[in-house]
Amino acid sequence: MEKGVNCHGSLWAGKWCLDCPEFGAACDEMEGDMTSKIEWCEETWNPITGCTPISEGCAHCYAKRMAPRFRGRFGYPADDPFKVTFHPDKLEKPLHWKKPRRIFVCSMGDLFHEDVDHWQRNAVFEAMDAADWHTYLLLTKRPFIASQFDEFRDANYIAYPHTPWKDHIWLGVTAENQARFDERWTILDQIPAAVKFVSIEPMLSPVDIDIFAGWPDWVIAGCESGPGRRPAKVEWFRDLKNQCVDAAVPFFLKQMESEFDGKLVKMPELDGQTWAQYPTRSGIDG
């Protein structure tokens, strides 16, 4: 494939978009979805894009930095490309991926944002059910809205009475520090999702996850990246990893600053090994 100009107006060579350092990604059919190199997933799918800040971890949001590249194209609003937007034309995309994949849903937004109504959210869940050979990873900073979704289905969608939380739909919360873990995990722990996970990225403080009765099924961790990134100490990651090992909880260390020169390292070694563990789902995860 010859060099050309991708949808961002940046040079690309072959498949990979050289202007997407956060994703190391390729623009999928020039539509703003990504074949992802986010280490813990294989694809991203964005039927909802856009968000607004809600906590400390939002200060250097990669999605907000990236959205202006799609301004006025692929359904991103021209006036405010990071405005919360529903993309119904994207709903069928997982049906076209025949091989089972691990899909990060709404990497460019939050499916449980206040400006997404439950009917739009329900359409995304129907799409996930229609292509249930994939595993869908939903990550939110708003678990209080996710907790209301069962009630909406019960009250308004009687013809489809079964729970939205099937085994191919995993729900996680971002918890960048102890306060956000305490706040969000206690809500997530009450939601009957098949797999409940916590992403401690960006890690802005030590986090003790052994303070409640329930434990996540999976823990992801990583330092902040991008301009103005805030430092995270290796000791924080080591302590978190040790908590997971002691509790037999899969641990995934995505990125960390080097102990030697402070540079960002993807999939680093910690205590003699890399940590890329997953919960299991028959047919796709190991």
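The numbers here are math on the coordinates, done by the rules we state, and not lab data. Everything quoted here is computed from the prediction, not taken from an experiment. With ideal geometry, Cβ positions are generated from the backbone for all residues, glycine too; neighbour counts draw on all protein chains shown.
Some points to look at:
- Note on the range 154-286: Kirkwood radius taken over Cα pairs, Stokes-Einstein applied at 10 °C and 1.306 mPa s, translational D equal to 100 µm² s⁻¹.
- In this calculation the C-beta distance from residue 151 to residue 259 is compared with R0 = 45 Å, giving a FRET efficiency of 0.45.
- Straight-line cross-link reach from residue 233 at under 16 Å between alpha-carbon atoms covers these aspartates and glutamates, not counting any fewer than eight positions away in the same chain: 176, 201, 208, 224, 257, 259, 261, 269, 271.
- Sorted peptide list for 186-198, 86-98, 105-117, criterion being average Cβ within 10 angstrom, highest first: 105-117, 186-198, 86-98
- Potential lengthening between residue 267 and residue 194 on full extension [0.36 nm per residue; Cα-Cα distance subtracted]: 23.6 nm
- Over all other residues within a Cβ to Cβ distance under 11 Å of residue 84, the charged ones net out to -4, with Lys and Arg as +1 and Asp and Glu as -1.
- Net charge, residue 243 excluded, C-beta distance under 12 Å - Lys, Arg +1, Asp, Glu -1: -2
- Straight-line cross-link reach from residue 83 at under 27 Å between alpha-carbon atoms covers these lysines, not counting any fewer than eight positions away in the same chain: 37, 64, 93, 141.
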